[in-house]
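Reviewing the structure listed below.
Coordinate-derived values only; no laboratory data. None of these values were measured; they are calculated from a predicted model. Ideal geometry is used to build each Cβ from the backbone, glycine not excepted, and the neighbour counts take in all protein chains shown.
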Amino acid sequence: MAVEAVRVCPSCGSRNRPTWEFCPRCGETLDNVPTVAGQADTAVLDASAETFVETGAHEDVTEEGFPWGGLLRAVAIAAACGLALWFIPSQEKFERPQPTAAPEVPEQLPAPQKPGQESFDKGRHMLESGDVAGAIAALAQAVAEVPTDASYRHMYARALWTNRQWDAASVQLRAAVKLAPDVFRYRTELARVLGAAGKVEEAIREYEQAINVSPATSEALRTLATLHARAGHTEQAVSVLKRAIVLSPGDAIIQTELAYALERAGDSAGAIRAYEGALQRVPDATITRSLLAEALLKQGRNSEAVDILRTGLTRSPQSPLLHRSLGSVLERTGEIKEAIAAYREYARLAPAAPDATELKQRAAHLEKNLT
């Protein structure tokens, strides 16, 4: 092959044709680079520029004779570089975002209090701490601010009730019941206030309505039975207590109250069975034991009555009530000496009891009559 003139790239040392303006290998400009004898490289472009340049090809010349080959090679180099840069994401465009602080959540404001809430809370706190007068004043203010709030009226009634202002308390509870007729507690507390005020028949009606509104509880039925007993409704008291014992079959107190109601209703046998059932559940129930002894004595079962009380004293020897009951039973069954000892033991164990002095005198009188 004939030797021709070339331009040697000052940057990479490749040999270029004298008409090339840029080195196709490194893109260095060939301006002012002198020509020397030699042969041009036949493979001066990498694969990324092959589509734009045909190595070793002839010059492209336009009709005006402008050497396009050099320009095309320059474009090819630029395109190759640009293609490479395209697949290397720029730091500015593709840099992984740095973590930033979480946006500040605005502080939530407390929910606005409903009208009267401040007075209500103040009154309730005072009532719980024992300041009844202060509670009454604060709760009266809450009711004045919102007279249609049943809970305000209910708490106000409780403060009045604590101060034994029965009539005023019942007025507030009636208003609470009217505002919230389905609230069981409002009705039962109204009934209790009425009962405390001596309005027993009204109290009974309120309890019955409360039980009709909500499922009855054994406690509510107990209170209703007590009111019936106070009003002289013996049969109704028995009926209600039987309902209560179904709800709480293991409750010895309800069982004892049922036994007492049965006794007053004339069902002595049923009363004794009920007393015995309660005593089986709670053997140390001294009141139940004393009542059972009385019921047995009335039936002429004297020795059983005495045995019931003596058995109780083996379990609770310091019980004043059992000593008193035993003294009474022994006196009525003719066991006077033992009755005297029981009365004196009662007075020793309960010297402050209202009847302690009386029973000491009774013991002295019985002792005097023995001689």
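The table for this structure:
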read-out	value
Ranking of Leu227, Leu173 by count of other Cβ atoms within 10 Å, fewest first	Leu227, Leu173
Cα-based equivalent ellipsoid, the stretch 211-338: semi-axes from gyration tensor eigenvalues, Å	30, 15, 11
Order of Glu304, Glu206 under a 10 Å beta carbon neighbour criterion, fewest first	Glu304, Glu206
Distance from the stretch 243-318 to the stretch 124-177 (C-alpha centre basis), Å	41
The stretch 120-184: relative contact order in percent, alpha carbon pairs under 8 Å with at least 6 residues between	26
Sorted by Cβ density within 10 Å, fewest first, the residues Ser239, Ser290	Ser239, Ser290
Efficiency of FRET between Glu145 and Thr217 - r from beta-carbon atoms, R0 30 angstrom, step 0.05	0.35
Restraint check, Lys242/Lys298; Lys199/Lys360; Lys242/Lys360; Lys178/Lys242; Lys114/Lys178; Lys199/Lys298, Cα-Cα greater than 29 Å	Lys199/Lys360; Lys242/Lys360; Lys178/Lys242; Lys199/Lys298
Under the Debye formula (equal points on every Cα, no solvent term), log10 I(q)/I(0) of the stretch 116-215 at q = 0.23 Å⁻¹	-1.10
